[in-house]
Amino acid sequence: MTDKFVINGGKTLKGEIEVRGSKNSAGPALIAAILTKDECIVDNVPFIEDISNILEILKSMGIEVEKIGEEKVRVKAEKVEPGKIDFEKASKTRISVLLFGALLGRVKNFKMPPPGGDRIGLRPISVQLRALEKLGAKIEWKDNGYQVSCEKLKGKEIVLEEFSVTATEAVIMAAVLAEGRTVIKGAAAEPHVQDLGEMLLKMGAKIEGIGTHTIKIEGVDKLHGCTHSVIPDPIEAGTFIVIGALAPGKIKVTGVNLSHLDLFLAKLEEMGVEMERGEDYVLVSHSPNLKATKVQALPYPGFPTDLLPIIIPLLISADGKSLVHDPLYENRFNYVQELRKMGADIEMVDPHRTFVFGPRKLSGANIDSWDIRAGACLVIAALSAEGKTTIENVFQIDRGYERIEERLQKLGADIQRIK
């Protein structure tokens with residue numbers, strides 16, 4: 001049995017809530033520490049389920065890992081023994097894909113399990129593997145895992161078949177220690193990709209074009225250690241901003257990098273969300289007069305796919321018919337049936353598109369969390385609903401949000417974790 005949340009909705013929320021470090025930045029940063037024998041210090045790390053898994057995976061390979069502060073981790077990969085990797089933990093997280101790129105810079109032969117992650121649709125890693133093979137890696141499926149070998153990585157021009165974040169990050173990590181020049185065309189430009197590039201530059205890598213769709217890398221003989229603080233989580237920031245718009249009261253969301261949320265914030269303002277922007281905060285007030293809109297997920301700087309589930313509760317409260325389109329993942333809308341139990345009027349057009357009709361008032365129900373962002377969507381819906389909502393499988397939410405119930409309680413939310 002897993003933990004569940006019991007939420008009594010409709011409470012007035014007020015006060016400040018600080019955004020923690022980005023899960024999608026912290027994971028790659030910790031894995032990038034494999035690329036040097038020197039000590040790396042990674043700060044602003046959120047201690048959530050997915051990050052804990054990564055730390056245990058690193059430890060299982062003989063890498064020194066030590067928590068040296070509330071949000072700070074020391075990693076020293078003086079020795080790396082991939083033959084001892086914890087297959088079970090590595091198969092639970094999608095971010096373990098990045099180990100392919102990092103390990104190729106240090107060892108000639110290793111075996112990796114297929115990665116896990118959210119149940120949001122088919123997410124094959126063929127793009128990542130084909131890109132690494134172009135650098136000289138040999139990758140075969142053998143005995144329920146990937147057998148990887150490489151005598152020497154050599155820089156090449158690589159055209160990615162899609163704007164894949166993990167493919168871009170894996171190739172960057174492999175290319176920084178490869179011989180010669182690597183050019184990645186069709187590279188992802190998301191903030192966490194940029195953050196990884198910034199850390200590798202601190203470690204002595206030679207990279208140009210970070211934040212663009214063409215990245216150029218000159219391989220170096222070795223990297224050195226560094227201290228790096230990961231960026232604040234834009235998805236967590238978006239989650240708390242939406243909560244502030246739906247719940248009675250006023251919330252100040254602090255520690256926000258607003259430049260990572262340009263299109264998201266513009267879309268909220270278009271809908272009629274009442275908010276005030278500061279240098280690193282958003283002050284958001286209860287916004288009862290919302291307008292329907294159209295939202296489509298696109299690669300950065302487009303609307304983030306992870307914020308699509310987060311905006312759905314706003315659309316349920318908006319006047320009119322909204323269209324939500326996610327061209328990336330065919331199971332992104334698996335939580336729609338849970339929202340219908342609460343009274344939402346949502347029509348699935350096809351696996352990638354859905355209509356949301358509003359405004360509708362939600363009522364408490366017993367519902368189930370399917371993945372990280374779907375779980376956050378349901379928490380938002382429950383906070384704005386009338387009556388009591390019970391959310392099962394909150395370990396999915398824990399994978400992306402650190403102690404979210406305790407932080408919401410400080411704002412006045414009636415949310416309890418039941419063990």
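No value in this document is a laboratory result; all are computed from the given coordinates. Here the structure is a predicted model, which means the values were calculated and not measured. So basically every Cβ, Gly included, is an ideal-geometry build from the backbone, and we count neighbours across all protein chains shown.
For region 311-346 versus region 350-375, the spacing of their alpha-carbon centroids is 5 Å. DSSP bridge analysis restricted to region 23-229 gives an antiparallel fraction near 80%, rounded to the nearest 5. For region 97-250, the orientation-averaged shadow of the C-alpha convex hull comes to 10.9 nm² (one quarter of the hull surface). The packing ranking of peptides 48-56, 156-164, highest mean first, is 48-56, 156-164, where packing means the average number of other beta carbon atoms within 10 angstrom of each residue. Rounded to 0.05, the FRET efficiency of the TRP141 and LYS341 pair, given R0 = 45 Å and the Cβ-Cβ distance, is 0.65.
Okay, helix-only estimate at 222 nm for the chain: each DSSP H run of n ≥ 4 adds -39500 (n - 2.57), divide by all residues, round to 500 deg cm²/dmol; what do you get?
The per-residue figure over the chain is -8500 deg cm²/dmol.
A simple rule links phi to the HN-Hα coupling: the Karplus curve 6.51 cos²θ - 1.76 cosθ + 1.60 with θ = phi - 60°, which for region 266-275 gives 5, 5, 5, 5, 4, 6, x, 5, 8, 8 Hz, with x for Gly and Pro. Expressed per residue, the C-alpha convex hull volume of region 189-339 stands at 134 Å³. Net length available on complete extension from LYS321 to PHE47 is 94.8 nm, with 0.36 nm assigned per residue and the Cα-Cα distance removed.
In whole Å and largest first, what semi-axes does the C-alpha gyration tensor of the chain yield when each eigenvalue is scaled by 5 and square-rooted?
Semi-axes (√(5λ), whole Å): 38, 21, 20.
Which percent, to the nearest 5, of DSSP beta bridges fully inside the chain are antiparallel?
Of the beta bridges lying entirely in the chain, close to 70 percent run antiparallel.
On the basis of the beta-carbon distance and an R0 of 41 Å, VAL159 and LEU258 show a calculated FRET efficiency of 0.80.
In region 125-196, the DSSP beta bridges split such that about 55 percent are antiparallel, to the nearest 5. With respect to the chain, whose longest principal axis is taken over its alpha-carbon atoms, helix 49-60 is tilted by about 20°.
Across all C-alpha atoms in region 239-281, the radius of gyration and Dmax reach 9.9, 27 Å. Binning the alpha carbon pair distances of region 264-390 at 10 angstrom intervals from zero yields the distribution 13, 45, 35, 6, 0, expressed in whole percent.
Computed packing ranks the peptides 61-67, 338-344 as 338-344, 61-67, most packed first, by mean other Cβ atoms within 10 Å.
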